[in-house]
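The values are calculated or read from the model by the stated rules, or taken from the named source; none is laboratory data. Keep in mind that what you see is a predicted model, and the values were worked out from it rather than measured. So basically every Cβ, Gly included, is an ideal-geometry build from the backbone, and we count neighbours across all protein chains shown.
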Amino acid sequence: MQKIGIMGGTFNPIHTGHLMIAESAREQFGLEKVLFVPTGHSPLRHKRHITSADRRCEMVSLAIADNPWFTLDTTEIADAGTSYTSRTLQKLKEKYPDAELSFILGADSLFDFESWYEPEKILQNCRILAAYRKKEGRDAFLRKVEELNQRHPGKFFPLDTPSLELSSQDIRDRIRSGRSVRYFLPKEVEAYIRMHHLYEEEGGALT
């Protein structure tokens, strides 16, 4: 059975933290492929005004080009409807019917997981690999994994990842204020952002 990881996100822009989490998941759980799935039409109102799908996909492609195990997947981008993880996973399960799917998420999403749209359907199609972030506290993070596994046995697994506190919002803020983002994201992605003048205006680039 092929083992496939799924790394979803707005990727506005993709950064080093995303790549490190995906690589850690691939290595620790023997994943043969990690799909990077940029958000299409987010149900969250505050994410409506984001850089265009084409731009975000191009940045993902640049970021993962040197890793043969990483692949861009446009399942959500191609869907004209609202992007819900449960629906995306159902489509990916249909696309890879014989694969074991692992959905990779951060600790903040782990704590909110049961409030997501159709969490039971999500767990029908995948297991969850959760990356620890320092701000949640490691003990609280591990307790949450254990608590969720009590309700959904064998579905949640902690990832051992470097504690790298990066966010796309912080990167956008730094670009807008003229501060350096060197080493925050791949140099190819930074060059693309500079070339197209992304995130230079208040609220980020809406192109």
Worksheet item: Only one of ARG172, ARG151 is among the charged types (D, E, K, R), modelled with pLDDT of 95 or more and touching a Pro at 6+ places or on another chain (Cβ under 9 Å); which?
Response: ARG172
Worksheet item: For region 1-20, which residues satisfy the criterion of being closer than 14 Å to SER168 by Cβ and in a strand (DSSP E or B)?
Response: MET7, GLY8, GLY9
Worksheet entry | Unique match (being modelled with pLDDT under 95, surrounded by fewer than 14 Cβ atoms within 10 Å (Cβ to Cβ) and among the polar types (S, T, N, Q)) among THR161, THR207 | THR207
Worksheet item: Which residues, counting only those in region 78-108, are of a type outside the set (Ser, Thr, Tyr), outside any strand (DSSP E or B), surrounded by 19 or more Cβ atoms within 10 Å (Cβ to Cβ) and at pLDDT 95 or above?
Response: LEU89, LEU92
Worksheet item: Restricting attention to region 194-203, which residues are modelled with pLDDT of 95 or more and farther than 12 Å from THR51 by Cα?
Response: ARG194, MET195
Response to the item:
Given the conditions (1) within 19 Å of ASP160 (Cα to Cα); (2) in a loop (DSSP other than H, G, I, E, B); (3) not acidic (Asp, Glu), every one holds for GLN28 apart from (2)
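Okay, residues lined up against (1) among the hydrophobic types (A, V, I, L, M, F, W, C); (2) out of contact with any Leu (no Cβ under 7 Å at 6 or more places or on another chain); (3) over 30 Å from ARG55 (Cβ atoms):
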{"residue": "CYS126", "(1), (2), (3)": "yes, no, no"}
{"residue": "GLY154", "(1), (2), (3)": "no, yes, yes"}
{"residue": "SER168", "(1), (2), (3)": "no, yes, no"}
{"residue": "ILE171", "(1), (2), (3)": "yes, no, no"}
{"residue": "GLY178", "(1), (2), (3)": "no, yes, no"}
{"residue": "ARG182", "(1), (2), (3)": "no, yes, no"}
{"residue": "TYR192", "(1), (2), (3)": "no, no, no"}
Discussion item. Of the residues LEU105, LEU164, LEU110, LEU148, only one is in contact with a Gly (Cβ under 9 Å, 6 or more places away or on another chain) and closer than 20 Å to SER86 by Cα; which?
Written reply: LEU105
Worksheet item: Which of the residues that make up region 68-77 are of a type outside the set (Phe, Trp, Tyr), in a loop (DSSP other than H, G, I, E, B) and either touching a strand residue (DSSP E or B) at 6+ places or on another chain (Cβ under 8 Å) or at pLDDT below 95 (or both)?
Response: ASP73, THR74
Worksheet item: Looking at region 164-174, is at least one residue within 16 Å of LEU19 (Cα to Cα), touching a residue at least 24 places away in the same chain (Cβ under 8 Å) and assigned to a helix (DSSP H, G or I)?
Response: yes
Item to complete: Answer yes or no as to whether TYR117 is aromatic (Phe, Trp, Tyr), on the phi < 0 side of the Ramachandran plot and loosely packed, with under 15 Cβ neighbours inside 10 Å.
Response: yes
Worksheet item: Does region 86-95 include one or more residues that are among the aliphatic types (A, V, I, L, M) and under 22 Å from ASN149 (Cβ atoms)?
Response: yes
Discussion item. What's the total number of residues in region 109-143 that are in a helix (DSSP H, G or I), in contact with a helix residue (DSSP H, G or I) (Cβ under 7 Å, 6 or more places away or on another chain) and modelled with pLDDT under 95?
Written reply: 4
